[in-house]
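Enquirer: Quick one: structure below, then a few questions.
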Amino acid sequence: MHEFLKTPGDGPAVLCLGETMALVAPAEAEPLETAQRFVLSAGGAESTVALYLAGAGHRTAWLSRVGNDPLGRRLLGQLQAHGVDTSLVALDPEAPTGVYFKDPGGSATSVYYYRSGSAASAMGPPVLDAVDWAALPLLHLSGITAGLSPSCRDLLDAAFTTAEEHGTVVSFDVNHRPGLWSAPESAPVLAGYARRADIVFVGRDEAEILWGTGDPGELYDGLGRPAHLVVKDGAVGATDVSASGTVFVPAHAVEVVEVVGAGDAFAAGYLCGLLTGAQTGACLRLGHDLAARALSSVHDFDLV
């Protein structure tokens, strides 16, 4: 455990908060329009991080809301089967579980979301009441949640505030989703969350779109000098900026099947290193290890 993480209690060492949807993807890397076989799995940034962390042996919980429908119950079963604690997930009897489809055909993967009015979009600050904050070392959030609804933005605000009050370290992946909200609308909100986080993950390309620069040093200063800023630059590598200096580790060479989920896998690998007290370079390498697995698969979560 890294020295700036408090010692966990009997519960999870990491809590991941955010929406998970039922993910439908072709079984092979072929176009959605013509594929004949499909796989139904869990798809969500925060739960993907939770799955990888649990797979690495860390006590991990996922906090969210899903519909009390076959898809929601299926998601819970899948995460439970991989060792993720889902005891904080509520089943909503009125709103549905969101769904999205991956289309890996062509030169890039397209994603189609059907999440409007989902159970998770109705989340608000009260979902935090059941969390044992005094014993929680690490909370992982992403900007996707903020784009779901005003009540979800209230939830993130409350999560940052409560975590700070209890000395819980916050990991925040910017994860801008243009389909949820535009860059002009989201840029100041996401920057505000990043300034409140201890660990910030952002892609160089999304940082350029949101804030006009992908330079790690400029971002570090502009985002209030978090304990660790991690800037991911696709196939080039990743840069960690902290008060101790700048560390760059090149990405692994990998034959890419499709890219969706690789950023979440990277974040999970980095956090795995943090939880075991690894040095910054080792955290980045662990991030690349898991990202390479995700890039080699049509699934968000691939631990094989």
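Every read-out reported here was derived from the displayed coordinates using simple, explicitly stated rules and does not represent laboratory data. Remember, it's a predicted structure, so these values are computed and weren't measured experimentally. Positions of Cβ are backbone-derived with ideal geometry, glycine not excepted, and every protein chain shown enters the neighbour counts.
Enquirer: So how much slack lies between Asp215 and Ala130, counting 0.36 nm per residue of separation and subtracting their Cα-Cα distance, in nm? Don't skip to the answer; put the middle values down first.
Expert: Details: separation 85, 0.36 × 85 = 30.60 nm, distance 3.93 nm.
Extending this stretch completely gives an extra 26.7 nm.
Enquirer: Where a ≥ b ≥ c are the square roots of the eigenvalues of the C-alpha gyration tensor, would you call segment 47-131 rounded, which needs a/c under 1.5, or, failing that, prolate if a/b is larger than b/c, or oblate?
Expert: oblate
Enquirer: Could you tally the net charge around Val131, taking each other residue with its Cβ under 13 Å from the Cβ of Val131, Lys/Arg +1 and Asp/Glu -1?
Expert: So the surrounding residues net to -4.
Enquirer: State whether segment 92-250 is rounded, prolate or oblate according to the following rule on the C-alpha gyration tensor (a ≥ b ≥ c being the square roots of its eigenvalues): a/c under 1.5 gives rounded; otherwise a/b larger than b/c gives prolate, and the remaining case gives oblate.
Expert: Note, shape of segment 92-250 comes out oblate.
Enquirer: Something else: Summing +1 for each Lys or Arg and -1 for each Asp or Glu, what net charge is found among the other residues whose Cβ lies under 10 Å from the Cβ of Ala50?
Expert: -3
Enquirer: Taking 0.36 nm per residue of sequence separation and subtracting the Cα-Cα distance, how much length would be gained by fully extending the chain between Thr161 and Ser110, in nm to one decimal?
Expert: Length gained between Thr161 and Ser110: 14.8 nm.
Enquirer: On to the next question. Bin width 10 Å, alpha-carbon pairs only: give the P(r) of the chain as whole percents, running from 0 to the bin holding the largest distance.
Expert: With 10 Å bins starting at 0, P(r) equals 6, 30, 39, 22, 3, 0.
Enquirer: What does the net charge come to around Ser171 if you take all other residues with beta carbon closer than 11 Å to its beta carbon, with K and R at +1 and D and E at -1? Numbers along the way, then the final one.
Expert: Values: positive: none; negative: Glu46, Asp173, Asp198.
Taking every other residue near Ser171 into account, the sum is -3.
Enquirer: Please compute the modelled spin-label separation between Ser242 and Arg73, points set 7 Å along Cα→Cβ, answer in nm with one decimal.
Expert: 4.5 nm
Enquirer: Sorted by average packing, counted as other Cβ atoms within 10 angstrom per residue and highest first, what order do 234-244, 61-71, 27-37 take?
Expert: Going from most to least packed, we get 61-71, 234-244, 27-37.
Enquirer: Next question. Dividing the alpha-carbon Rg of segment 185-294 by 2.2 N^0.38 Å yields what?
Expert: 1.01
Enquirer: Next up: Looking only at the chain, where both bridge partners belong to it, what percent of the DSSP beta bridges are antiparallel (to the nearest 5)?
Expert: Expressed as a percentage, antiparallel bridges in the chain total about 45.
Enquirer: A further question follows. Where does each of 89-95, 189-195 land if you order them by average Cβ count within 10 Å, highest first?
Expert: So the peptides 89-95, 189-195, ranked by packing, come out 189-195, 89-95.
Enquirer: So, one more: Once each part is reduced to its C-alpha centroid, what is the distance from segment 45-63 to segment 151-195 in angstrom?
Expert: Taking the Cα centre of segment 151-195 as reference, the centre of segment 45-63 is 20 Å away.
Enquirer: Return, ordered by residue number, the residues of segment 186-220 whose backbone nitrogen is under 19 Å from a label point located 7 Å along Cα→Cβ of Ala235.
Expert: 203-206
Enquirer: Over 15 Å apart: what share of the alpha carbon pairs of segment 38-89 falls there, rounded to a whole percent?
Expert: Within segment 38-89, distances greater than 15 Å cover 39 percent of Cα pairs.
Enquirer: What percent does the relative contact order of segment 14-295 come to when contacts are Cα pairs within less than 8 Å and at least six residues apart?
Expert: 14 percent
Enquirer: Right, here's the next one. Looking at the chain as a GNM with Cα springs under 10 Å, which of Ala253, Ala56, Ala227 has the largest mean-square fluctuation?
Expert: Between Ala253, Ala56, Ala227, it is Ala253 that shows the largest mean-square fluctuation.
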